[in-house]
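> Sharing a structure, written as structure tokens. Questions coming.
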Amino acid sequence: MNPHVISTFVLTTHWLVIVGLSVRVIMRRPPVGVSVAWLAVVFSVPFVGAALYLLFGEKRISRERSARIAANLPGVARWQGKLREEHRGEASGIAAGAEALHCHAERLLGFPPLTGNGIELLEDFGTVFDRLVADIDGAGETCHVSFYIWHEGGRTAEVVEALIRAAGRGVQCRALADALGSEAFLKGGLARRLREAGVEIWAALPTGLLRSLSARADLRNHRKIVVIDDRVAYTGSQNLVDPRFFKQESRVGQWVDAMVRLTGPASASLDAVFRLDWSVETGSAFEPPPDLVLAADPAGGSLVQVVPSGPDISPEAIHQLLLAAIYEARRELIMTTPYFVPDEAMLTALLSAAWRGVDVTLIVPARNDSLMVRFASVAHFEDLLSAGARVALFNGGLLHTKSLTIDGETSLFGSVNLDMRSLWLNFEITLIVYDPAFTGHLGAMQRGYLGDADLVDLEVWRQRPAWHRFAENSFRLLSPLL
């Protein structure tokens, strides 16, 4: 064939693809930074950029999954309406500065703040495993478990054995494990033993070449939820892993996490999130939590609001709520996150807080398991330090706890990282706790992290090598895609 004809055909096809995808990006209206980044990829890498966009550029959920979600939402809404009716007026104890936050969250997602909860902060993995195994061993009716990563090794086997014992007693045990994050576990011996013992275990968001044509493959269920007998619940940042045996080859130290153990009516909201996920994965109808969990636990009095987020129902929810929380701060704002890759709106909110006199502290791990994320993260340090914020690099391992405390009164705690993936793509779970006592405990843990961290000095930071600055700014341009 004539080489001129071939080159003309390729060039024409390339520009048709560019024009077509440009129109598609513009009409779908993703955040501006995301749009510009993807358009740069599509323009600069012929055909490959277009393929990458079609695979990873849109929050595509399969039609089957979307239909299952839509079919179950009316049942969830009816249950939420009942929950709000039975707990009407309980938000009266919220501090004045947090009233807008709870209204915003309830209007977006339907879950009201619920009082009468016992909430216990578990600061190390050993305590988490001890309490979790004991609670499963005490289960009499149901055990619902959902984790992004299940990993064989160490004390994970104790939880598996406890679930097997529970199933042997006739307890209904249901487990979700993310198909990508837990791929090795789902194919391993412990998962097989669970199934053989009668534990129902499903892969959340299954992947594959054919599935990637109809749904984006990297939309993941990043939630960590355990609900036992509709009376005890756990959530936080820890996956079902023993950090002494997990990702040791990455040479960042043990992962450092925290969880909460929750009793009282807010456990019903966590259970509802699990039950909706379960119904979507299995194709079964949504079964709301039983009414018995709606009674307040007299042993506790914390006001707690459950905030599920993800690309399905209200994809902007957690991003909006984090912005609202930051703008509400008047005195102090402390954040811990393993991955800090904010968009312009969040960076502006943090800078605004620092400039108006809020004591802003960001604590991140000194060593990260992702080189790209590390460079994209530190690219924002100089802006924060110049505004008066403190940036601390934690030396005790990979700090994986996701927490935000505001003015010592309100806290956000759960599975959400301060990066674009958590904010826009992953299915996440967060607790908003309107309780100075719990926020004080969480703040004390954050200050403990600070004691094992080095504060970044602005003048020293400005002296870093030019190549380092170039790498930071280069990866910063890609941050909307990380």
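> Charges on Cβ only, +1 for Lys and Arg, -1 for Asp and Glu, centred on the Cα centroid of segment 317-481; of Y449, F470, G388, which one is farthest towards the dipole's positive end?
F470
> Another question, then. Would you mind working out the magnitude of the charge dipole of the chain relative to its Cα centre, with +1 at each Lys and Arg C-beta and -1 at each Asp and Glu C-beta, to the nearest 20 Debye?
1480 debye
> Arranged from highest to lowest average of other beta-carbon atoms within 10 Å per residue, in what order do the peptides 113-119, 17-23 appear? Please list the in-between numbers first.
Numbers: 113-119: 23.4, 17-23: 14.4.
The densest-packed peptide leads the list: 113-119, 17-23.
> Restricting to DSSP loop positions (anything but H, G, I, E, B) with no more than 10 other Cβ atoms inside 10 Å of their own Cβ, which chymotrypsin sites (Phe, Trp or Tyr not before Pro) remain in segment 96-180? It would help to have the intermediate numbers written out before the result.
Numbers: sites: F125, F129, F147, Y148, W150; in loops: Y148.
Passing both the DSSP loop test and the Cβ count: no residue.
> In terms of modelled amide H atoms, which long-range or inter-chain residues lie less than 5 Å from the amide H of K224?
Distant-sequence amide H within range of K224: G236, I429.
> Per-residue HN-Hα couplings for segment 279-285, Karplus 6.51 cos²θ - 1.76 cosθ + 1.60 at θ = phi - 60°, whole Hz, x for Gly and Pro?
5, 5, 6, 8, x, 8, 6
> Also, I was wondering about something else. Suppose a student asked you for the relative contact order of the chain, using Cα pairs under 8 Å spaced at least 6 residues apart; what percent would you report? The partial results should precede the final answer.
Working: 927 pairs, mean separation 83.4, N = 482.
17 percent.
> Continuing with the same structure: In the structure displayed, which of K224/K402; K82/K402; K187/K247 lie more than 21 Å apart, Cα to Cα? It would help to have the intermediate numbers written out before the result.
Values: K224/K402 12 Å; K82/K402 31 Å; K187/K247 18 Å.
In this structure, K82/K402 exceed 21 Å between Cα atoms.
> So, one more: Kirkwood hydrodynamic radius (Cα pairs, Å) of the chain?
Details: mean 1/r = 0.0426 Å⁻¹.
One decimal place: 23.5 Å for the Kirkwood radius.
> In sequence order, what are the phi-derived ³J(HN,Hα) couplings for segment 235-244 according to the Karplus relation 6.51 cos²θ - 1.76 cosθ + 1.60 with θ = phi - 60°, rounded to whole Hz, with x for glycine and proline?
7, x, 9, 7, 6, 7, 9, 9, x, 6
> Amide H to amide H under 5 Å from L122: which residues, 5+ apart in sequence or cross-chain, H placed 1.01 Å off N in plane?
Hits under the 5 Å cutoff: M259, V260, R261.
> Amide H neighbours of I201 under 5 Å, at least 5 residues apart or on other chains, H built in the peptide plane: list them.
A175
> Okay, next question. Quick one, what does Rg over Rh come out to for segment 317-481 if you take C-alpha atoms and the Kirkwood Rh?
Details: Rg = 14.9 Å, Rh = 15.9 Å.
Using Cα coordinates only, the ratio equals 0.94.
> Turning to a different aspect of this structure: Pop out the ³J(HN,Hα) list for segment 412-422 in order, Karplus 6.51 cos²θ - 1.76 cosθ + 1.60 with θ = phi - 60°, rounded to Hz; leave Gly and Pro as x.
Rounded to whole hertz, the list is 10, 8, x, 10, 8, 7, 8, 9, 5, 5, 5.
Bear in mind that the values in this text are calculations on the coordinates, not laboratory data. Worth saying up front: this structure is predicted, and the values here are computed from it rather than measured. Using ideal geometry, Cβ is built from the backbone for each residue, glycine included, and neighbour counts are taken over all protein chains shown.
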